[in-house]
Amino acid sequence: MNHKHMRAALLVAAGFTATTLAVPALAQESQADKDLIIVTAQRDNQTGVRQGGSAGVLGNKAAEDLPFSVRSYNAALILNQQPQTLGQVLENDPTIRTTTGFGIAGELFNIRGFTLAGDDIGYDGLYGIMPRQLAAPELYESVEVLNGASAFLNGAAPGGSGIGGSVNLIPKRASEREITRATLGYTASEHVGGSFDVGRRLGADGEWGVRINGAARAGDVSVDDEFRSTYVLGGAIDYDSGPLRLSLDVAYQRIKVAHFRPKLSVSGLGVIPEEPDADTNFGQPWQYTTLRDVFGQFRAEYDIAEDVMAYAAFGARDGSESGVYSTPTLVDATTGDISVSSSFIPRTDNNEAATAGLRARFETGGVSNEINVGGSINWLVNRNAYEFYTNSPGLNNLYDPVELPRSTTVSFAGGNLADPFPISRTRLRSAFLSDTIGFWDDRVMFTAGVRLQEIRSKSYSYFGGALQSEYKEDAWTPVFGLVVKPAEGLSLYANRIESLVQGPSAPASGANPAGGNPLPVSNAGETLAPYVSEQYEIGGKLTLGPVDLTLALFQIDRETAILRIDPDDATMLEFGPFGTQRNRGIEFTVAGEISKGLRLIAGGSVIDAKLRQTENGVNEGNEAVGVPEYLLNANVEWDVPFAPALTLTGRAVHTGKQPANIDNTLYLDSWTRFDLGARYVAVVGDKPLTLRLSVDNIANTAYWASAFDTFRPDLALGTPRTFKASATIDF
């Protein structure tokens with residue numbers, strides 16, 4: 001271990017311990033009392049994942065009752081692993097891989113081979129409310145993952161992603177257990193910070209709840225000279241008495257990333273370059289992104305009668321971001337020379353979301369019914385501007401980076417940089433209805449439902465703000481799901497569900513398949529109806545005591561818009577949803593305590609992502625770019641029996657090879673990363689003090705982690721060896 005890193009880690013832990021020892025209210029406990037405190041703290045610290053969670057309009061369900069695959073990662077995992085971003089939490093999931101996109105520091109997620117953008121992360125079930133690029137994990141009680149399409153369950157994602165799955169973050173609220181917690185933390189090389197968390201239930205019967213938590217951290221991380229700072233504050237007030245439940249969640253987040261390491265473009269070279277050292281930063285010091293968000297929600301539930309509940313929620317977000325970005329392009333794979341571009345892009349967002357519904361359960365003649373009816377609406381306003389510059393003079397180098405001056409020569413620009421005006425206004429409205437019918441004491445459950453979704457969007461010119469185009473289309477998205485429970489602890493399921501994204505407008509002309517001059521498009525300017533992607537899935541869930549196992553087989557056919565010869569006029573082209581990408585796969589997960597004191601979160605997935613129908617048949621049958629052939633994860637925790645206060649942790653992450661271009665002539669090699677860690681519970685003045693030390697990518701392996709992106713296949717270098725240390729005291 002680097003001595004500077006070791007010293008810093010020990011100083012954080014030792015400093016926190018010394019501060020705690022100085023607390024005047026210390027008392028001498030018996031050994032039995034100490035043992036009880038340690039056992040309780042070890043139990044509360046257990047990193048875990050729970051099967052089941054929120055299924056959108058169907059509500060919170062146990063895994064065995066859902067015809068879908070849903071997992072929830074708990075707050076202890078977030079505290080123990082000290083992640084700085086949502087992507088670092090999702091590294092534990094064997095069906096997800098994280099990368100960056102859009103040429104910035106924002107995270108993208110690959111679920112079942114399709115994009116999930118930060119714009120489409122849910123906040124307690126509401127879309128458009130979460131910060132759109134990076135999310136600080138400290139504010140959340142759990143991170144829920146739903147594998148598969150979800151247009152019926154959650155509505156169409158406003159950012160147009162989420163075809164292969166969705167992620168939903170649950171804010172922290174007060175529980176029956178009082179909490180007063182403080183944490184100091186360190187991440188190599190110089191990133192230091194702290195957090196606090198306080199929760200109480202008040203009132204004669206604990207009907208009122210208050211929870212306040214926050215974090216502040218800043219400094220360089222393990223990538224050379226990459227600086228990150230995060231400041232978050234969250235508060236929740238809830239009321240739970242009789243038939244009425246109310247909650248208000250409000251949060252503030254400010255994140256800055258400077259001199260961040262961007263992705264590398266290798267367009268046109270026909271070669272994958274050798275990886276530089278894992279901590280190499282081939283970005284420029286003048287690159288940065290600053291993100292500021294204020295967001296929250298109000299929720300109300302009322303029990304009209306037993307098993308009949310009405311609910312409503314409203315949320316809003318005010319966000320701003322500004323940054324100077326750069327996507328370096330490799331110009332010589334042998335020497336590692338790269339050209340450096342730059343752009344300045346300010347943006348603000350003002351979004352609102354609302355949903356309301358009625359859920360009723362009743363039985364007639366031994367058959368149960370659960371009816372869900374309601375609607376939702378999203379309003380999104382994006383104010384944007386941009387300025388792109390010519391390449392910086394000179395060349396940077398992938399293996400021996402140098403600082404280049406930022407070019408000030410504008411190549412093209414749009415909008416008002418000082419005060420961006422609206423570039424798009426989007427409204428999504430939907431109404432839904434479903435019924436889950438249960439037979440034989442709900443040993444067989446059949447769900448059928450439909451959502452009518454309307455997408456309306458207005459686009460405005462960057463040059464003056466005049467209305468440029470308007471889109472208004474709707475679509476029906478049905479769902480069918482079946483659950484069969486043949487034995488105790490065993491649940492078999494199947495579903496047919498869709499995803500939905502906004503359709504584009506037809507171009508004026510396109511390439512002639514026979515060569516020669518371009519051909520006109522017969523439906524030029526026509527706005528296509530929303531794209532539909534169909535998913536078919538079968539699977540099973542098995543609970544063996546404290547261990548949960550899941551298995552799923554799925555197929556998703558994604559519509560894509562392409563040009564083809566117009567069947568009514570061979571001299572023209574027609575634009576429509578005639579293209580198809582088909583992703584087929586198998587997923588397996590296992591989570592729980594496989595023996596006393598030994599816990600496991602593990603699994604894997606195999607994905608066959610093929611371009612089934614393409615424009616002019618080019619690349620038809622090829623594998624989709626950036627989709628690994630398979631994924632494997634294993635996360636282990638062991639409470640050492642001969643040292644009851646000590647827990648050892650380890651994680652292995654393996655990703656199979658993935659195509660890096662649409663021609664399938666370039667592939668990224670498979671890669672494996674190992675993480676190790678430990679935590680120890682000490683008793684200080686009858687309070688548990690938890691010390692943690694971990695090392696991610698312990699071998700400091702250099703690897704190209706991903707070629708997955710939204711604009712083009714760019715390469716992301718894997719995270720270098722990263723030392724982390726923290727100390728948490730529960731008062």
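A short reminder: the numbers here are calculations on the coordinates, not readings from a lab. On a predicted model such as this, the values are computed, not experimentally measured, just so you know. Cβ sites come from the backbone with ideal geometry, for glycine too, and all protein chains shown count toward neighbours.
Structure data summary
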| quantity | calculated |
| --- | --- |
| In nm, spacing of pseudo-spin labels at V640 and L490 (7 Å Cα→C-beta vector) | 4.1 |
| Residues in region 478-498 that a label on W440 would reach, taking backbone N under 12 Å of a point 7 Å out along Cα→Cβ | 484-488 |
| Computed label-point distance, nm, for sites Y399 and Q46 using a 7 Å Cα→Cβ extension | 5.0 |
| Spatially proximal lysines relative to K172 (Cα-Cα < 20 Å; intrachain offsets below 8 disregarded) | K61 |
| Cα extents of region 557-623 along the three principal axes, largest first (Å) | 72, 17, 9 |
| T364-L544 FRET efficiency (beta carbon distance; Förster radius 25 Å; 0.05 resolution) | 0.10 |
| Over 32 Å between alpha carbons, listed pairs K541/K657; K34/K724; K687/K724; K256/K596 | K256/K596 |
| Mean Cα-pair separation over length for the chain, i.e. relative contact order, pairs under 8 Å, 6 or more apart, % | 12 |
| Kirkwood Rh (inverse of mean 1/r, distinct Cα pairs), the chain, angstrom | 27.2 |
| Test item: Cα-centred dipole of region 504-645, Lys/Arg +1 and Asp/Glu -1 on Cβ, debye | 440 |
| Rounded to the nearest 20 debye, dipole of the chain from Cβ charges on Lys, Arg, Asp, Glu | 940 |
| Aspartates and glutamates whose Cα lies under 12 Å from that of K485, excluding same-chain neighbours fewer than 8 positions away | E64, D65, D441, D442 |
| All lysines inside 19 Å of K458 as judged from Cα atoms, apart from same-chain residues fewer than 8 positions distant | K472 |
| Kirkwood Rh and Cα Rg combined as Rg over Rh, evaluated for region 261-410 | 1.29 |
| Extreme residue, positive dipole direction of the chain, given options A156, I170, F68 (C-beta unit charges) | I170 |
| Alpha carbon convex hull of region 251-296, projected area averaged over orientations, nm² | 5.2 |
| Cα centre as origin, Lys/Arg/Asp/Glu Cβ charges: region 463-588 dipole, Debye | 420 |
| Point-to-point label distance, L36-A699, nm (Cα→Cβ direction, 7 Å offset) | 4.7 |
